[in-house]
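Enquirer: This is the structure I want to talk about, given as structure tokens.
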Amino acid sequence: MSSPESSVNTGPALDAEALFRALLEPRVIEEKMLTLIRQGRIAKWFSGYGQEAVAAGTAWALDDRDYILPMHRNLGVWTTRDVDRERLFCQLMGKKGGFTNGRDRTFHFGLPEKNLVGMISHMAAMLPVACGLGQAIRFREADRVACAFCGDGGTREGDFHEALNLASVWDLPVLFLVENNGYGLSTPTDEAVAPDDIADAAAGYDMPGMIVDGNDVFAVIEAVREARAHARTEGPVLLEMKTFRVRGHEEASGTAYVPDELIEEWKEKDPLDRFAARVREEGLLGADRMESIRAELESAVDELAEWALDRPAVTSTPEAERDAVFAPSPDPDPPSPDADPEETRFIDALQDGLRAAMRDDDEVIVMGQDIAEYGGAFKVTDGFVDEFGSERVRNTPIIEDGALGAGMGLSIEGLPAVVEMQYADFISCGFNQTVNNLATTHYRWGQPVNVTIRAPFGGGIGAGPFHSQSREAWFAHTPGLKVVVPATPRDAKGLLRTAVADPNPVLFFEHKKLYRSVRGAVPTEAYTLPFGEARVAREGADATIVTYGVGVHWALAEAEHQAEANGVELEVVDLRTLVPWDRETVRQSLDKTNRLLVLHEASRTAGFGAEVAAELGEIGFELLDAPITRVAAEDLPVPNAKPLEDEIFSATARLRPKIEELIEF
């Protein structure tokens, strides 16, 4: 697919006046914003001055049902999609009435009703999300595409390559639009990007690549329409829109690093001037009418901007802001009291929970490395592809960030996504999507994100430092993520089904050592268990051990030993979920025992136990008869040799003496 020759005839009868308005309005808004910057009335602006043809032309060419994932400089996407202007100007001015209620700035938000998906600041991060949207479109056999914008600098990011590869492998209806405007912040594109033409990257991913004159709106429209037609039926297309940034990265940056002659050269290619010359030449729109439209737009924009500047500042309450972090979750559906239990392994309970969730909702999609025919590294999804089919149980390439971003795209389209990390350790390769995209989206623009990340974690199997880590504290520290760590088969089944139904991102940590070593009574019926409710795993009166995951089994074994050897009765509280976590149950236990030990497998420093200890120090200080004790792993990478792990690294090496110190205090 080559770049088309541009012509004024762009298919259906051209409404030259409407297209002129679409091209001119973002320019007029830009001019107003630049005036306000000079006057010191606003502080920041990311300019798309001179690049209007890319944004407006793309939005013009696409169907309103198509998804667009724009960036900072794509104001023309929003205006061409006809977003509410009053709310838009409040958003741009950071005033009450904007789309994000002051929670993010300028274009860091989405509008589901306009099929616009909000960006984050991390370059290329939205491209995998477009893949998930494309996957949902294919799943539903819809006549739509997803078009994701990316800057030239962003094409060096891993997400760019992960997304292109995934879209090509799965033949997804995605347009990857690279807005090549010559510079990153101050680094010229030719110093950051090796090929002369970024579109050449398409060949490496077996998709068409097109080089488009991004300052010719007619060329943009034709290219996008051609690419859309291809993507709908054949698969992805890479579009490189060649344009130029005649303003700074943001206005405070200036343009001193850009040669004056280069700016002058591109001013000669200004998209509005070129449009005006073409339509005058062909008699489609006269100069007087264009001047009249400009005057009309300038008056409307000036009035709107001044009105927005006079709007009240954004205000809120702590309660309202906390409530915005998560989407409302469905009520739990616990097992009936007379449900028939069955002795079940931990891994089988997980399978039953996930299978029940997929049977309940035939739009749940499960993705991960080797999870289909192979059944996953630990065989949790063994047999799933035979029951649910390859469209719902999908092997992904080795692309953690790409797979998690795709999961977000699925969820935006209403398809719950379950993404398996082969090992929880590898989620570091998907950290950006997890903590910056999945975690923040609902708070910023109200979009539920139903993505469950299944993460096999933990040590005790001699797997060394890259297959044994316990990283739950990373995610408990990230607002917007729920963190679940079941210890029993019953909880594994019920909590996993809760996670899949929850319209929020959930980190679901599954301890590898428990998969086949732990059994328990599990109701055979489908059920869900509530997040944020701890359980007392063993009653006691002399001290409380608060823990989760494999630590529950360590604590129960130690409690059994202390009861038999010393007559000490330890109460064991299993948190089950870390976000949210049940402070009240822990406090009630402390009220009974007056001594508290916090136990976890992860390293001690900044582990989740520190949070529990600090919180109980505040809300339960008067109940304590001894200092709160923490028992955790050494601050070391997990050693490979079993003697090093068991005798030096592991918390179990210190649990008994610490319990005895606490009791004797």
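Enquirer: Please report the antiparallel percentage of DSSP beta bridges with both residues in segment 515-579, rounded to the nearest 5.
Expert: If I count the DSSP bridges inside segment 515-579, around 40 percent turn out antiparallel.
Enquirer: Name the long-range amide H neighbours of Lys379: under 5 Å, sequence gap of 5 or more, or other chain; modelled H, no Pro or chain starts.
Expert: Hits under the 5 Å cutoff: none.
Enquirer: In the chain, how does Rg compare with the Kirkwood Rh, expressed as the Rg/Rh ratio over alpha carbon atoms?
Expert: Taking Rg over the Kirkwood Rh, I get 1.05.
Enquirer: Can you list the residues, at least 5 places off or on another chain, whose amide H is less than 5 Å from the amide H of Gly184, using H built in the peptide plane?
Expert: Thr189
Enquirer: OK, next. Once you sort the root eigenvalues of the Cα gyration tensor of segment 296-438 as a ≥ b ≥ c, which label holds: rounded (a/c under 1.5), prolate (a/b larger than b/c) or oblate (the other case)?
Expert: Note, shape of segment 296-438 comes out prolate.
Enquirer: Also: How long are the semi-axes of the ellipsoid equivalent to segment 211-281, from square roots of 5 times the Cα gyration tensor eigenvalues, in whole Å, largest first?
Expert: 29, 18, 9
Enquirer: While we're on this one: Among DSSP beta bridges whose residues both lie in the chain, state the antiparallel percentage, nearest 5.
Expert: Looking only at bridges with both residues in the chain, the antiparallel portion is about 20 percent.
Enquirer: If you place +1 on the Cβ of every Lys and Arg, -1 on the Cβ of every Asp and Glu, and leave all else neutral, what size is the dipole of the chain about its Cα centre, to the nearest 20 Debye?
Expert: 620
Enquirer: Which cross-chain or sequence-distant (5 or more) residues have an amide H under 5 Å from the amide H of Gly151, H modelled 1.01 Å from N in plane?
Expert: So Gly151 has HN proximity to Ala124, Glu179.
Enquirer: Might you tell me the accessible area per residue for the chain, computed with a 1.4 Å probe and given in Å²?
Expert: Value for the chain: 38 Å² per residue.
Enquirer: Something else now. Straight distance only, please: which lysines reach the Cα of Lys95 with their own Cα at less than 29 Å, same-chain residues fewer than 8 apart left out?
Expert: Correct list for Lys95: Lys32, Lys44, Lys114.
Enquirer: Could you give me the ³J(HN,Hα) list for segment 495-506, computed from phi with Karplus coefficients 6.51, -1.76, 1.60 and θ = phi - 60°, whole Hz, x at Gly and Pro?
Expert: Karplus-based 3J(HN,Hα) across segment 495-506 equals 6, 5, 5, 4, 4, 5, 8, 7, x, 9, x, 10 Hz.
Enquirer: Given a 1.4 angstrom probe, I'd like the percentage of the accessible area of segment 580-660 that is carbon and sulfur, rounded to a whole number.
Expert: The C+S portion of the solvent-accessible surface of segment 580-660 is 52 percent.
Enquirer: Ok, one more. For Lys642, go through the aspartates and glutamates and keep the ones whose alpha-carbon is under 18 Å away, minus same-chain ones fewer than eight residues off.
Expert: Cα-Cα hits under 18 Å: Glu601, Glu634.
Enquirer: Which angle from 0 to 90°, rounded to the nearest 10, does the C-alpha axis of helix 217-233 make with the longest principal axis of the chain?
Expert: For helix 217-233, the angle is close to 40 degrees.
Enquirer: Hey, what number do you get for the chain at 222 nm if only DSSP H runs of n ≥ 4 count, each worth -39500 (n - 2.57), divided across all residues, to the nearest 500?
Expert: -12000 deg cm²/dmol
Enquirer: May I pose another question? Starting from the Cα of Lys242, draw a straight line to each of the lysines and keep only those under 17 Å, dropping any in the same chain fewer than 8 residues away.
Expert: Lys267, Lys269
The values are calculated or read from the model by the stated rules, or taken from the named source; none is laboratory data. Keep in mind that this is a model prediction, so the values were computed, not measured. No Cβ is skipped: glycine too gets one built from the backbone with ideal geometry, and neighbour counts run over all protein chains shown. Surface areas here come from the heavy atoms of the whole protein model, side chains and all, with no ligands, DNA or RNA. Shrake-Rupley method; radii C 1.70, N 1.55, O 1.52, S 1.80 Å.
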